[in-house]
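Report on one structure; see the data block that follows.
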């Protein structure tokens, strides 16, 4: 499948591997969206994330909860443009060279609501039950506070300050001043509500903004004369690389990673709408690893299908199907899977319902069984035809490392030999990058 032979001056899209039966080299096109599901230690990083970053002809955004992607590709990508590392939780341990004030994204009720949703989704444990009243109300409170802070040119740390002052009507007054009267009325009802109810709403919103209470993240989110401000609109035009890193669990800065990722992709959309054909002149590639843990983009399934037509090529990477259901619900996960032109299963998943669905999609073959029997009356041969699964669920669950099954639009599923970076011509560049930026290099610098 190749809709554009030479889009962006690059004839091929992202490398997928080699078909096992024929040895044919498989690539996506620059219009194909990708979803990858593979368990831990199955080679997602070595066979997909790193090769996809290396294949990108233009800007790259990569998310992760560990440093290996950065170490491996930082060197080669720096030769193509500026490299920025967003590491507010100090997973990588790099000092902030720029800041990105999240409220720079918030310009109206819609963007404020999106920002609050990122904080709400990223702050709760996967699968945690939500309260039908307090969670939506807490998110509404957060929406109003974020928009008020943005209008007044406050930093986002003003939001937890207001949350610590129940009854403070300054945010309401700001919204009224800027003619956001409906949101101001909603906010006022929460600010002046009964004390018990108000306490629950404020407490819920405070939980959503826990990551803002860590002092070490301030240089990343507050403007300073010492550091430039990251500009998503400039980034998508520059061909640079942005690595966004966070851990999952308590203290996660996942809401900030999500917000920055969404800001970049939406900036790419705006730029594409201004370009010939409504698409980027050079594709943007997103290697979104650990998506369900650190980048819980709630609207992603609804938007995924149209990104490819704009030249925004994302690979949403999950460890299993259940992760996706916990973030987007059953229907949302099916929508994301269906919206991908290319769905990759890389093994290591022991979810029988999921693997049985894949086995059914792969299909069946007709098997001829021949039995030969002898008796006193002579020999008899019987033949029977039975339908058998081409690749049953048990085979999918035990798929060996170095093999993937790819489901592509308009093509039969195929078994693929993966392409780990160690086997590619650019392997020396990757090794040199790891030697320069990896943990051993850091230790050498410390001891010097």
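All of the numbers you see were taken from the coordinates with simple rules; none came from a lab. Predicted model, so just to flag it, every value in this text is computed and none were measured. Because the Cβ atoms are built from the backbone with ideal geometry, glycine has one as well, and the counts that use them run over all protein chains shown.
Between 295, 211, 414, which gets the highest mean-square fluctuation from a Gaussian network model of the chain, Cα cutoff 10 Å? Among 295, 211, 414, the largest mean-square fluctuation in the Gaussian network model of the chain belongs to 414. With one equal scatterer per alpha carbon and no solvent term, the Debye-computed log10 I(q)/I(0) for the chain at 0.07, 0.12 1/Å reads -0.40, -1.04. Normalised by 2.2 N^0.38 Å, where N is the number of residues, the C-alpha radius of gyration of the range 164-272 stands at 1.36.
When its C-alpha radius of gyration is set against 2.2 N^0.38 Å (N residues), the range 19-172 gives a value of 1.38.
Shape verdict for the range 211-350, please, from the Cα gyration tensor: rounded (a/c under 1.5), prolate (a/b greater than b/c) or oblate. In terms of gyration-tensor shape, oblate. Rounded to the nearest 10 degrees, the inclination of helix 352-362 to the longest alpha-carbon principal axis of the chain is 60 degrees.
Under the shape rule built on the C-alpha gyration tensor, where the axes satisfy a ≥ b ≥ c, the range 316-371 is prolate, since a/c reaches at least 1.5 and a/b is greater than b/c.
For the chain, the longest principal axis of the C-alpha atoms and the axis of helix 109-123 are separated by about 60°. Peptides 275-287, 141-153 ranked from most to least packed, by the mean per-residue count of other Cβ atoms within 10 Å: 141-153, 275-287. When peptides 63-72, 349-358 are sorted by average Cβ neighbour count within 10 Å, with the highest value leading, the order is 63-72, 349-358. When Rg and the Kirkwood radius Rh are both evaluated on Cα atoms of the range 315-448, their ratio Rg/Rh stands at 1.22. Of 213, 224, 384, the residue with the greatest mean-square motion in the GNM of the chain, using alpha carbon springs below 10 Å, is 384. Most tightly packed first, judged by the mean number of other beta-carbon atoms within 10 Å of their residues, the peptides 396-402, 339-345 read 339-345, 396-402. Considering only alpha-carbon pairs that sit under 8 angstrom and 6 or more positions apart, the relative contact order computed for the chain is 27 percent. Site pair residue 435 and residue 27 shows an inter-label distance of 2.9 nm when each label is modelled 7 Å from Cα along Cα→Cβ. With angles folded into 0 to 90 degrees, how steeply does helix 68-78 sit against the dominant principal axis of the chain? Use alpha carbons for both and round to 10. It is inclined by approximately 80 degrees. Working note: Cα gyration tensor of the range 102-215, eigenvalues times five, square-rooted, sorted largest first, giving semi-axes of 20, 17, 13 Å.
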